[in-house]
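We did not get these values from a lab; they are worked out from the coordinates using the rules stated. Since this is a predicted model, take the numbers as computed values, not measurements. A quick note on method: Cβ atoms are made from the backbone with ideal geometry, for glycine too, and the neighbour counts reach across all protein chains shown.
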Amino acid sequence: MRLTIVGCSGSYPGPDSPASCYLLEAEDGGRTWRVLVDLGNGALGALHKYADPLSIDAVLVSHLHADHCLDLCGYYVMRKYHPTGAQPRIPVWGPPGTAERMARAYDLPVDPGMTAEFDFREWADPVTIGPFTVTPVPVTHPVPAFGLRISADGVTVGYTGDTGPCAAVDEVARDADVFLAESSFLAAVDNPPDLHLTGTDAGAAATRAGAKRLVLTHVPPWHDPEISLAEARSAYDGPVALARPGQTYDL
């Protein structure tokens, strides 16, 4: 399985990166399967550097804040009006209300909304997409939100989405080959509860859960990411890195 960081800026696109988007690829049945984890502001344009957007097999939406889902609007236009013709529907998994949220975002009638382009499905039990098994884990955030455990080829990526500290973060990170953890807050600040993680929170979860590698993502442009990195290293002895656009991990 290959993980490519398409976008990793926290809360809104930054000067060096789109908002959240991660491309996962794995071989099965003689072809490459591709899924997107989140599709935040600015990510669709950047995706062209790493894969043909029309080759995506599914989109996995962690929650419905704009920095994780809003480029589904552009993707809807691309799939509906592409010069080669309307593209086949692909599944979009997300929290309850994803179809309605995206219809409102593009000022479409809720019925049919984007349902001719996307087969919207709600997170519940684990799902299979080609070689990928995806297990949603409810996490703590002001809106319904899910961490995701994505496995293929005998390896697992654990992705927190956006979450405050909670037991579910450890579940997402458990024995993950890559633990992709948001790090929006700084430990030295009096942060609002139940909203985001610090680098220290991410590192501590990686340690408790036995994650093999920690990658920090979703650092807002107003923070120095090196501080988040230092926090994580203070709580985790394994390999730690900051997510960077274009960075790949072959697992």
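Name the residues in region 102-132 that are closer than 21 Å to Leu24 by Cβ and among the polar types (S, T, N, Q), would you?
Thr128
Would you call Gly161 at positive phi and either part of a loop (DSSP other than H, G, I, E, B) or touching a residue at least 12 places away in the same chain (Cβ under 8 Å) (or both)? Outline the logic, then answer.
On the way: at positive phi: yes; either part of a loop (DSSP other than H, G, I, E, B) or touching a residue at least 12 places away in the same chain (Cβ under 8 Å) (or both): yes.
The answer is yes for Gly161.
State yes or no: is Val139 more than 12 Å from Val37 (Cβ to Cβ) and crowded, with 24+ Cβ neighbours inside 10 Å? Can you show your working first?
Numbers: more than 12 Å from Val37 (Cβ to Cβ): yes; crowded, with 24+ Cβ neighbours inside 10 Å: yes.
Taking the combined requirement at face value, the residue satisfies it.
For region 168-182, does any single residue satisfy the condition of being out of contact with any Gly (no Cβ under 9 Å at 6 or more places or on another chain) and not hydroxyl-bearing (Ser, Thr, Tyr)?
Kept after step one, since they are out of contact with any Gly (no Cβ under 9 Å at 6 or more places or on another chain), are these residues of region 168-182: 170.
This time we only want the ones that are not hydroxyl-bearing (Ser, Thr, Tyr), so: 170.
Yes - at least one qualifying residue is present in region 168-182.
When you look at Ser17, is it of a type in the set (Ser, Thr, Tyr), more than 17 Å from Thr160 (Cα to Cα) and in contact with a strand residue (DSSP E or B) (Cβ under 9 Å, 6 or more places away or on another chain), yes or no? Show your work before the answer.
Working: of a type in the set (Ser, Thr, Tyr): yes; more than 17 Å from Thr160 (Cα to Cα): yes; in contact with a strand residue (DSSP E or B) (Cβ under 9 Å, 6 or more places away or on another chain): yes.
Yes: the conditions hold for Ser17.
Out of region 211-241, which residues are within 20 Å of Tyr22 (Cβ to Cβ) and polar (S, T, N, Q)?
Matches in region 211-241: Thr217, Ser228.
Can you name every residue in region 199-215 that is outside any helix (DSSP H, G or I) and surrounded by fewer than 24 Cβ atoms within 10 Å (Cβ to Cβ)? Give the derivation first.
Step one: list which residues in region 199-215 are outside any helix (DSSP H, G or I), which gives 210-215.
Those that are outside any helix (DSSP H, G or I) and surrounded by fewer than 24 Cβ atoms within 10 Å (Cβ to Cβ): Gly210, Lys212, Arg213.
Where residues in region 224-251 are part of a loop (DSSP other than H, G, I, E, B) and in contact (Cβ under 8 Å) with a residue 60 or more places away in the chain, which of them is surrounded by the fewest Cβ atoms within 10 Å (Cβ to Cβ)? Walk me through how you get there before you give the answer.
Within region 224-251, the subset part of a loop (DSSP other than H, G, I, E, B) is 224, 236-239, 243-247, 251.
Next cut, in contact (Cβ under 8 Å) with a residue 60 or more places away in the chain only: 243-247, 251.
Details: Ala243: 25, Arg244: 13, Pro245: 19, Gly246: 11, Gln247: 14, Leu251: 19.
Here the answer is Gly246.
Find the residue count for region 80-108, including only residues that are closer than 23 Å to Pro144 by Cα and not charged (D, E, K, R).
Pass one, region 80-108, residues closer than 23 Å to Pro144 by Cα: 90-108.
Still in the list and also not charged (D, E, K, R): 90-99, 102-103, 105-106, 108.
Total meeting the criteria: 15.
When you go through Leu60, Leu108, Leu54 one by one, which is the residue that is within 16 Å of the chain's Cα centre (by Cα) and hydrophobic (A, V, I, L, M, F, W, C)?
Of the residues listed, the single one that is within 16 Å of the chain's Cα centre (by Cα) and hydrophobic (A, V, I, L, M, F, W, C) is Leu60.
For region 126-136, which residues satisfy the criterion of being surrounded by 15 or more Cβ atoms within 10 Å (Cβ to Cβ) and either free of Cβ contacts under 8 Å to residues at least 40 places away in the same chain or over 13 Å from the mean Cα position of the chain (by Cα) (or both)?
Kept after step one, since they are surrounded by 15 or more Cβ atoms within 10 Å (Cβ to Cβ), are these residues of region 126-136: 127, 129-132, 134-136.
Result: Val127, Ile129, Gly130, Pro131, Phe132, Thr135.
Take residues that are surrounded by fewer than 21 Cβ atoms within 10 Å (Cβ to Cβ), free of Cβ contacts under 8 Å to residues at least 40 places away in the same chain and in contact with a helix residue (DSSP H, G or I) (Cβ under 6 Å, 6 or more places away or on another chain) and tell me which of the helices (runs of 4 or more DSSP H) falling wholly in region 6-125 contain 1 or more. Walk me through how you get there before you give the answer.
Numbers: elements: 43-47, 66-69, 72-81, 98-105.
By residue number, 72-81, 98-105.
Quick one: would you say Val172 is without any contact (Cβ under 8 Å) to a residue 60 or more places away in the chain and surrounded by 24 or more Cβ atoms within 10 Å (Cβ to Cβ)? Let's see the steps before the verdict.
Details: without any contact (Cβ under 8 Å) to a residue 60 or more places away in the chain: yes; surrounded by 24 or more Cβ atoms within 10 Å (Cβ to Cβ): yes.
Here the answer is yes, as Val172 does meet what is asked.
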